[in-house]
């Protein structure tokens with residue numbers, strides 16, 4: 001019987017520099033899903049790679065004094081090294097400079113042009129070089145890029161455009177009839193309400209102001225613009241041919257079962273990409289999952305500060321599987337996760353060293369101490385044993401249910417609950433007490449057998465997330481690797497098997513003070529020598545001087561009332577590029593407040609936050625909505641906005657004084 005196929009991809013990494021741990025999280029997440037699917041029996045094809053064209057790369061190569069191809073060769077090699085370091089099991093690493101990909105992009109562009117979906121025109125608007133995006137005046141937020149908040153420049157050039165509106169209604173219908181297509185649900189609502197329903201503008205799909213891109217072969221003054229080039233890797237990588245001579249693999253694997261991407265590029269994957277596929281008369285991917293971000297606890301990662309966290313540095317401190325566990329377990333399903341050195345140490349000590357490592361070590365040590373390492377089920381069981389078996393056997397189905405919904409962190413929590421239940425079983429049965437009674441030897445042997453069997457089942461479930469750790473556990477237990485089909489049976493560990501006589505420490509407990517001292521040395525080493533422009537940028541980051549407003553008296557200030565509010569509901573304001581409408585609880589009242597922060601916070605991120613509010617501001621009407629106050633924010637020199645939140649948890653209604 002043929003295996004059921006499962007084709008999944010990550011977003012291809014932009015080859016502008018070394019990926020930090022936030023970038024690396026995605027490939028680890030994808031690998032865990034791919035390994036889990038393989039363990040379930042799927043025929044998995046897992047593709048990743050690099051996005052290597054664009055103006056930003058052309059400029060970086062020029063600054064480095066090398067060709068763009070030399071530049072991306074170096075960066076792609078570094079990205080692949082990091083992916084391999086993290087033990088990720090991708091089947092293909094595609095590069096958008098691959099000859100086959102470039103030729104197919106040219107064919108697709110010509111095919112879309114011949115169909116009338118692409119036409120030639122001219123573009124005049126505001127251009128953001130870091131995001132490589134054009135914006136109209138109305139789309140800017142405070143005169144800056146609505147995606148990243150950075151400055152934009154006026155640009156005008158001849159370009160080819162794609163008629164996005166031609167397929168908009170068809171895409172809306174598809175999204176409405178396929179609720180699983182965009183996940184999580186909040187991402188779908190954002191795409192529908194903010195982009196599709198207000199109406200799509202035609203998309204610029206070529207550039208003529210730089211050369212580092214795939215040439216439009218019938219008009220070589222132009223190069224294919226980033227998204228048409230980058231997104232199509234998902235089909236060229238498995239053998240799509242625009243002339244109709246696609247490979248057997250493409251016929252088997254397309255449509256993709258899962259595109260795994262960051263939430264910041266959800267629009268390109270759920271609007272542009274499906275419309276491109278419709279133009280090519282190809283089926284749409286089955287699911288696009290926009291995962292949240294992994295943020296550093298003390299603020300944004302900055303190379304000039306030397307505080308960027310890289311996967312290889314973390315591996316040097318903690319090992320591959322400890323880093324994999326942390327980023328997979330600490331990332332919520334929808335909201336952003338946080339990584340700090342202190343939190344890493346705490347999780348390694350509590351979960352990996354105590355819950356898992358200590359369980360395996362104690363079980364092997366007791367087996368050696370009491371029975372010379374021989375593990376036997378002597379059938380001397382009681383109610384507590386049946387309770388353990390029932391719990392252990394319930395975990396595979398629970399983990400499956402989580403993974404089916406891509407709730408990877410929840411699946412790991414379920415698996416570790418199995419190990420915690422085994423630790424509880426040790427406390428319930430007290431093997432050290434049984435060992436003192438000659439008449440309880442069969443009972444003691446059965447207890448240790450049950451522990452080994454529970455660990456084997458847990459280790460099999462753990463393998464997709466922490467493959468090296470599973471291998472080390474099974475090696476110490478002299479246990480064969482168990483298939484997922486075998487996880488419904490308790491008692492498959494071969495009777496009379498001898499465990500290792502020298503148990504190894506899976507995860508050593510760490511001293512947070514010692515780790516932080518080493519971190520300080522690492523940060524000092526990593527901090528680069530700054531060029532004058534970087535020094536100026538760093539000074540700007542350290543402080544901002546504003547033009548002074550006229551002085552006021554205390555009586556003027558005292559007229560303002562500041563209170564803590566709790567956001568209990570929030571939604572995007574339709575047909576507005578800037579506004580969110582929040583329902584804010586202040587004491588016993590709930591007020592509606594409209595804020596121009598859509599570019600910086602999603603409605604889902606707002607809910608539950610405690611914010612500072614001016615509560616006696618005269619109500620105003622914004623975009624037809626009544627606003628009964630003002631939520632306070634700070635803004636840096638780059639236009640990045642941050643909510644002003646209380647340092648400690650304060651009740652809604654508390655006075656800010």
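Every number here is computed from the coordinates shown, using simple stated rules; none is lab data. Keep in mind that this is a model prediction, so the values were computed, not measured. Every residue, glycine among them, receives a Cβ derived from its backbone with ideal geometry; neighbour counts consider all protein chains shown.
Between the helical axis of 68-85 and the longest alpha-carbon principal axis of the chain there is an angle of about 30 degrees. Using the Cβ-Cβ distance between residue 110 and residue 169 with R0 set to 22 Å, the FRET efficiency from 1/(1 + (r/R0)^6) comes to roughly 0.25.
For 175, 79, what's the fewest-to-most ordering of other Cβ within 10 Å of each Cβ? Mind dumping the intermediate values first?
On the way: 175 19, 79 26.
Listing 175, 79 from fewest to most nearby Cβ atoms yields 175, 79.
Measuring r between the beta carbons of residue 523 and residue 380 and using R0 = 51 Å, the FRET efficiency lands at 0.35. For the chain, the antiparallel share of DSSP beta bridges with both residues in that region comes to about 70%.
Taking 0.36 nm per intervening residue step and subtracting the Cα-Cα distance, what contour gain separates residue 648 from residue 99 on full extension? Write out the running numbers ahead of the final one.
Details: separation 549, 0.36 × 549 = 197.64 nm, distance 5.59 nm.
That works out to 192.0 nm of additional length.
Each residue, residue 502 and residue 247, gets one label point 7 Å from its Cα in the Cβ direction; the gap between the two is 4.6 nm. At full extension, residue 336 and residue 91 could sit 85.4 nm farther apart than now, given 0.36 nm per residue minus the alpha carbon distance. Projected label points at residue 495 and residue 124, each 7 Å from Cα along the beta carbon direction, are separated by 8.8 nanometres. Modelled this way, with points 7 Å down the Cα-to-C-beta line, the labels at residue 221 and residue 405 are 5.5 nm from one another.
Rounded to the nearest 500 deg cm²/dmol, what is the calculated helix-only ellipticity per residue at 222 nm for the chain, with -39500 (n - 2.57) per DSSP H run of length n ≥ 4? Don't jump to the answer; show the numbers that get you there.
Working: 23 runs with 262 residues, N = 657.
Computed mean residue ellipticity for the chain: -12000 deg cm²/dmol.
Each peptide in 580-588, 429-437 gets a packing score, the mean of other Cβ atoms within 10 Å over its residues, and the list from highest to lowest is 580-588, 429-437. Per-residue extension of 0.36 nm, minus the Cα-Cα distance of residue 74 and residue 485, leaves a gain of 143.6 nm for this segment.
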